[in-house]
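All remarks here apply to the structure that follows.
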Amino acid sequence: TYTEFGPGGYGLGVAVRSYRGHKHVSHTGGIDGFISSMSWLPHDRLGIVVLTNFSGVNPVAGMLAQNLTDRLLGVEPVDVVARAREAQARSERLGTERERKKEAERIHGTSPSHPLADYAGSYEHPGYGLITIAHDSGRLTLTLGSAVTTFEHFHYDVFRAVKTPDTNDWDTRMRMVFSSGASGRIDTVGVPLEASGPDLLFKRKPAVAGTSSAAMR
């Protein structure tokens, strides 16, 4: 996309490409609470590490690293701030369009096939383990490990994620799709945990004796 970068590939755990004619090796990392960037130009004996206390999708670490690289190489710095603002505006336009299309798919006037308490419980996937569905104040919450996402009714037995200050862009596009078995009881839920793949199907685990749906609230 950007002319200062040449063809690249993936090395042993790092990205390898050229940057303004110089061999460029890099890797980024992030988790709740921080984002980091490390990069080096081995033939120029230059290395840069940027550590930040940002979370989520944030370009600052990469922007700083690129600006410092330009300065150390003695070349005119790329205007990464203007570029980031343009990318953010484009992302917001696409997000608005996604929301418009998503809302257009909604079938109004429908309701869940069961009381919300019937959707609560533990569901299991052989690769992703357990998720817990709980209900409170007319909404459902999905818990996977330490991550909790709130969902509201979309249509029929489909629920969509509610945007909150703690959810990222991918979370807000998630939908849970519940299905019933021959008994009429909710027994599976499809969740799109992988952005590029189909919904993952989680099967309800039998309730442990002595518990009830009220315990899931």
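The values are calculated or read from the model by the stated rules, or taken from the named source; none is laboratory data. What you see is a predicted model; the values in this text were computed from it and never measured. Ideal geometry is used to build each Cβ from the backbone, glycine not excepted, and the neighbour counts take in all protein chains shown. All accessible areas refer to the heavy atoms of the entire protein, side chains included, with ligands and DNA or RNA removed. Shrake-Rupley method; radii C 1.70, N 1.55, O 1.52, S 1.80 Å.
Listed values, structure above:
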item	result
Restricting region 79-112 to residues that are open to solvent by less than 70 Å² (accessible area, probe 1.4 Å) and among the basic types (Lys, Arg), the residue that is nearest to Phe34 (Cα to Cα)	Arg83
Enumeration of residues in region 7-24 that are among the small types (Gly, Ala, Ser) and either within 22 Å of Glu76 (Cα to Cα) or modelled with pLDDT of 85 or more (or both)	Gly13, Ala15, Ser18, Gly21
Residues of region 28-53 that turn out to be within 30 Å of Ala147 (Cβ to Cβ) and open to solvent by less than 70 Å² (accessible area, probe 1.4 Å), as a count	9
Residue among Ile107, Ile133, Ile35, Ile48 that is aliphatic (A, V, I, L, M) and touching a residue at least 60 places away in the same chain (Cβ under 8 Å)	Ile133
Every residue from region 54-78 that is at pLDDT 95 or above, open to solvent by less than 70 Å² (accessible area, probe 1.4 Å) and touching a strand residue (DSSP E or B) at 6+ places or on another chain (Cβ under 6 Å)	Ala65
Test: residue in region 72-81 that is of a type in the set (A, V, I, L, M, F, W, C), in contact with a Lys or Arg (Cβ under 8 Å, 6 or more places away or on another chain) and within 30 Å of Leu46 (Cα to Cα)	yes
